[in-house]
Amino acid sequence: MGKLSPSENQHHNVPGSRGGSGRGINISVIPEKRHEGFHVWSCNRTPEMLMRKMLIRAIGLEGKHALPLSALEDLFGETGVSDWTDLYDPDAVIWLCGKGDKEHVAKARDYAVEHWVEELSDTRWTINSLLYRRYFPVAAEDDDREFLRQAMMFFQTNSPQAAVQTLLTEKYKNELLWVKPLKDTVRRKLLTVLGCARPVSIGYKEEGPLVDMLKEHEMRIVSGIVHERSR
């Protein structure tokens, strides 16, 4: 990796607090302001969790924002694995490349549980929004529900689908910015599904199948939590 200019930062694609390593496969060079703007809304979530969070929130928004059921099944099935590290190059994760002390690893795994629990809450809220016709508020003062709006603003789009596609493809100096260590086979599958999907407006006919799909995803989340606790 070359020398950084004063206006550039190093970005850990898998955040250090989540067990991301300092090896080159996990580090992207990025303009400083772009880096700061990313962490305003992404915090320290891993890329696949950011993707799912955007897609789950899109279901809970009123209007033509959600991806169709078949696309969501494919995207969540591909990334909602119990061991999220299976999605990444082993050198990007400290305990897979033989780095990191026990305390750091324990904290990183605890953060993973926190993020799984957050995703479980999002999923449960979205199930209720479908069953009872309640939608995520998007008021500026509602910080917790601002996530999707901020993500779309950051990626300069009004489309959750386009925001996810940019998350998976944006480059700087010919290197991926946000998903550099994500296995290429995984990234290509995700982009293929996203490229074929057409956003839909959720009507009564779509609600039942979506609720069933989200309940299945709840079980994936529970498996992820159990996996982290049983390491």
*asked:* Let me spell it out: the conditions are (1) assigned to a helix (DSSP H, G or I); (2) among the basic types (Lys, Arg); (3) touching a helix residue (DSSP H, G or I) at 6+ places or on another chain (Cβ under 8 Å), and residue 34 meets all of them except one. Which number is the exception?
replied: (3)
_Filtered residues of segment 1-41 (kept if touching a strand residue (DSSP E or B) at 6+ places or on another chain (Cβ under 8 Å), more than 21 Å from residue 152 (Cα to Cα) and of a type in the set (D, E, K, R))_ = 8
*For residue 100, which of the numbered conditions (1) assigned to a loop (DSSP other than H, G, I, E, B); (2) surrounded by fewer than 17 Cβ atoms within 10 Å (Cβ to Cβ) fails to hold?*
(2)
*asked:* Between 5, 82, which is in a loop (DSSP other than H, G, I, E, B) and under 16 Å from the mean Cα position of the chain (by Cα)?
replied: 82
*Among all residue pairs at least 6 apart or on different chains, which show Cβ distances below 8 Å where the first residue, located in segment 157-180, is among the acidic types (Asp, Glu) and the second is crowded, with 20+ Cβ neighbours inside 10 Å and outside any loop (DSSP other than H, G, I, E, B)?*
175/28
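Considering only residues of segment 84-94 that are under 21 Å from residue 193 (Cβ atoms) and either of a type in the set (Lys, Arg) or in contact (Cβ under 8 Å) with a residue 40 or more places away in the chain (or both), which is surrounded by the most Cβ atoms within 10 Å (Cβ to Cβ)?
Step by step, filter segment 84-94, then rank; the result is 88.
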*Determine which member of the set 67, 61 is farther than 23 Å from residue 226 by Cα, surrounded by 16 or more Cβ atoms within 10 Å (Cβ to Cβ) and over 17 Å from the mean Cα position of the chain (by Cα).*
61
*In segment 186-208, what residues are at pLDDT below 95, in a helix (DSSP H, G or I) and loosely packed, with under 14 Cβ neighbours inside 10 Å?*
204, 205, 208
_Of everything in segment 166-185, what is within 28 Å of residue 5 (Cα to Cα) and in a helix (DSSP H, G or I)? Give them in sequence order._
166, 167, 168, 169
*Does residue 23 fit the bill of being touching a Phe, Trp or Tyr at 6+ places or on another chain (Cβ under 8 Å) and of a type outside the set (S, T, N, Q)?*
no
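Looking at segment 37-54 only, could you name the residues that are of a type in the set (D, E, K, R) and either free of Cβ contacts under 8 Å to residues at least 40 places away in the same chain or assigned to a helix (DSSP H, G or I) (or both)?
The answer is 48, 52, 53.
If the requirement is being basic (Lys, Arg), part of a helix (DSSP H, G or I), over 30 Å from residue 206 (Cα atoms) and out of contact with any Pro (no Cβ under 6 Å at 6 or more places or on another chain), which of these qualifies: 109, 57?
None of the others qualify; the one that does is 109.
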_Take residue 161 and tell me if it is at pLDDT 95 or above and in a helix (DSSP H, G or I)._
yes
*Of the residues in segment 211-231, how many are assigned to a helix (DSSP H, G or I) and small (Gly, Ala, Ser)?*
2
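The values are calculated or read from the model by the stated rules, or taken from the named source; none is laboratory data. This is a predicted model, so every value here is computed, not measured. All Cβ positions, glycine included, derive from the backbone under ideal geometry; neighbour counts span all protein chains shown.
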